[in-house]
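Novice: Here you go, one structure.
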Amino acid sequence: MRVSYCDGYSVPLPEGHAFPMGKFPALRRILERDGVLRPTEVVAPKEASWEDLSLVHTASYLHKLRSGEFTRPEIRRLGLPWSHALVTRSRLAVRGTVNAAWMALEDGVAANLAGGTHHAFPGHGEGFCVLNDIGVAVRTLRRGAWIQRVLVIDLDVHQGNGTAAVFADDPDTFTFSMHGEKNYPFRKTPSDLDVGLSDGTDDEIYLAALVEALPQAFERARPDLIFYLAGVDVVKGDRFGRLALSREGVEARDKVVIELARDEGVPLTLLLSGGYAATPEDTAELHAIAHRAAARAMAGA
């Protein structure tokens with residue numbers, strides 16, 4: 001399975017910062033160590049162009065990104081300290097999602113070892129999300145007439161408010177978010193289909209809700225391409241999660257989504273989204289679950 005990745009996905013953050021920047025290189029190491037990923041399958045992206053970013057983001061916000069002219073409240077909302085390196089990293093990750101989507105159209109499934117930055121709105125970033133990679137990818141591919149109808153399956157524990165806002169008036173992009181109802185963001189932007197879960201939701205309840213909702217989303221979307229945000233902050237003990245899935249529950253969740261895409265013959269782009277386990281390496285081990293499921297699905301297992 002081809003993936004987008006480059007060393008520029010990881011940039012320094014202040015010591016003790018909550019965002020696990022080290023999970024990106026750790027995930028590549030894990031996938032190569034376990035034979036899920038061959039070095040020849042790693043495709044390094046260039047930075048997304050400012051023109052492509054403007055398909056989603058406002059001119060004023062892109063100006064602030066270039067110049068760093070953010071107010072302190074804006075930086076607090078973003079959750080990350082501005083730097084030129086952060087901007088470059090964010091542009092690389094966006095292009096990685098664009099490239100992964102193209103590769104998925106060719107191969108049936110592909111991944112970005114980053115991405116899923118679903119809290120980024122057209123005019124601001126928040127929740128560790130600088131740019132909305134899904135929005136830019138959809139509009140870039142649509143501009144080239146590669147796709148028309150899209151399904152976003154967002155299973156991060158936090159509702160995909162930015163992506164919902166980006167596609168609010170887009171009848172050809174269906175947004176489905178299943179998340180912790182009482183978790184961040186506390187004021188949610190309605191998706192086309194939202195399923196809110198109670199704190200402490202376990203494997204059985206979670207999977208029952210997914211099996212009920214996912215076919216509805218697929219039927220309503222009738223997609224040419226799926227973006228799957230396989231956030232692992234649903235796992236019990238996650239720093240910001242508040243749900244209670246086991247590792248086996250995450251594996252079952254990913255299998256349901258990936259095998260639906262395979263069985264329906266719809267290309268799937270796999271994105272990381274969130275995860276805040278005890279260490280970046282622990283988080284990367286959880287992210288690797290979806291990649292193993294995708295590799296098995298491609299092999300027909």
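Just so it is clear, none of the values below were taken in a lab; they were calculated from the coordinates. Since this is a predicted model, take the numbers as computed values, not measurements. Here the Cβ is made from the backbone with ideal geometry for all residues, glycine too, and neighbour counts use every protein chain on show.
Novice: Please go through the stretch 201-258 and write out the chymotrypsin sites (Phe, Trp or Tyr not before Pro) that DSSP classes as loop and that have at most 16 other C-beta atoms within 10 Å. Don't jump to the answer; show the numbers that get you there.
Specialist: Numbers: sites: 206, 218, 227, 228, 240; in loops: 240.
The qualifying sites are 240.
Novice: Now for a different question. Taking 30 Å as R0, compute the FRET efficiency from the Cβ-Cβ separation of residue 76 and residue 38 and round it to 0.05. Spell out each step's value before the answer.
Specialist: Numbers: r = 42 Å, r/R0 = 1.39.
The formula returns an efficiency of 0.10 here.
Novice: Which whole-Hz couplings ³J(HN,Hα) result when phi for each residue of the stretch 99-107 is put into the Karplus expression 6.51 cos²θ - 1.76 cosθ + 1.60, θ = phi - 60°, listed in order with x for Gly and Pro?
Specialist: 5, 4, 5, 4, 5, 5, 4, 7, 9
Novice: Which whole-Hz ³J(HN,Hα) couplings does the stretch 248-253 yield from phi under the Karplus relation 6.51 cos²θ - 1.76 cosθ + 1.60, θ = phi - 60°, glycine and proline marked x?
Specialist: Per residue, the Karplus-derived 3J(HN,Hα) values read 5, x, 5, 4, 5, 4 Hz.
Novice: Contact order normalised by length for the chain, with contacts defined as Cα pairs under 8 Å and 6 or more residues apart; what percent is it?
Specialist: 20
Novice: Going by amide H atoms built from the backbone, whose H comes under 5 Å of the H on residue 37, apart from near neighbours?
Specialist: 32
Novice: Quick one: longest stretch of the chain between exposed loop GluC sites (Glu not before Pro), exposed meaning at most 12 other C-beta atoms within 10 Å and loop per DSSP?
Specialist: 70-301
Novice: Of 271, 298, 260, which is farthest along the charge dipole of the chain in the positive direction, counting Lys and Arg as +1 and Asp and Glu as -1 at C-beta?
Specialist: 271
Novice: Mind listing the phi-derived Karplus ³J(HN,Hα) values for the stretch 82-89, rounded to whole Hz, using 6.51, -1.76 and 1.60 with θ = phi - 60°, and x for any glycine or proline?
Specialist: 5, 7, 4, 5, 5, 5, 4, 4
Novice: When the helices in the chain are scored as -39500 (n - 2.57) per DSSP H run of 4 or longer and the sum is shared across all residues, what 222 nm value do you end up with, to the nearest 500 deg cm²/dmol?
Specialist: Values: 10 runs with 128 residues, N = 301.
Rounded to the nearest 500, it is -13500 deg cm²/dmol.
Novice: Nearest 5 percent is fine: what portion of the DSSP beta bridges confined to the chain is antiparallel? Walk me through the numbers on the way to the answer.
Specialist: Working: 1 of 28 bridges.
Around 5 percent of the beta bridges assigned by DSSP in the chain are antiparallel ones.
Novice: Which one is right for this structure if P(r) over Cα pairs in 20 Å bins from 0, in percent is calculated from it: (i) 32, 58, 10, 0; (ii) 38, 60, 2; (iii) 29, 52, 19, 1?
Specialist: (ii)
Novice: Between residue 211 and residue 182, what is the label-to-label distance in nm when each label sits 7 Å out along the Cα-to-Cβ direction?
Specialist: Inter-label distance under the simple model: 2.7 nm.
Novice: Which of the trypsin sites (Lys or Arg not before Pro) found in the stretch 181-214 are loop residues per DSSP with 14 or fewer other Cβ atoms within 10 Å of their Cβ?
Specialist: Sites meeting the loop and neighbour criteria: 182, 187.
Novice: For labels at residue 202 and residue 29 in the simple 7 Å Cα→Cβ model, what's the distance in nm?
Specialist: About 3.5 nm, to one decimal.
Novice: Select from the stretch 32-127 those trypsin sites (Lys or Arg not before Pro) which occupy a DSSP coil region and have at most 13 other Cβ atoms within 10 Å, ordered by residue number.
Specialist: On the way: sites: 33, 46, 64, 66, 76, 77, 89, 91, 95; in loops: 46.
In loop regions of the stretch 32-127 (DSSP not H, G, I, E or B), the sparsely surrounded trypsin sites (Lys or Arg not before Pro) are 46.
Novice: Something else about it: Nothing charged except the Cβ atoms of Lys and Arg (+1) and of Asp and Glu (-1): what's the magnitude of the dipole of the chain about its Cα centre? Round to the nearest 20 debye.
Specialist: Value, rounded to 20: 820 debye.
Novice: How high is the FRET efficiency between residue 170 and residue 278 when r is their beta carbon distance and R₀ equals 35 Å, given to the nearest 0.05?
Specialist: Values: r = 38 Å, r/R0 = 1.10.
For R0 = 35 Å, the calculated efficiency reads 0.35.
Novice: For residue 143 and residue 46 in one chain, what is 0.36 nm times their gap in residues minus the Cα-Cα distance, to one decimal in nm?
Specialist: Numbers: separation 97, 0.36 × 97 = 34.92 nm, distance 1.90 nm.
Full-extension gain reported as 33.0 nm.
Novice: Could you name the lysines whose alpha carbon sits less than 24 Å from that of residue 182, not counting residues in the same chain fewer than 8 places away?
Specialist: 236
Novice: How big is the C-alpha Rg of the stretch 92-164 next to the rule-of-thumb value 2.2 N^0.38 Å, as a ratio?
Specialist: Values: Rg = 11.9 Å, N = 73, 2.2 N^0.38 = 11.2 Å.
Ratio of Rg to 2.2 N^0.38 Å for the stretch 92-164: 1.06.
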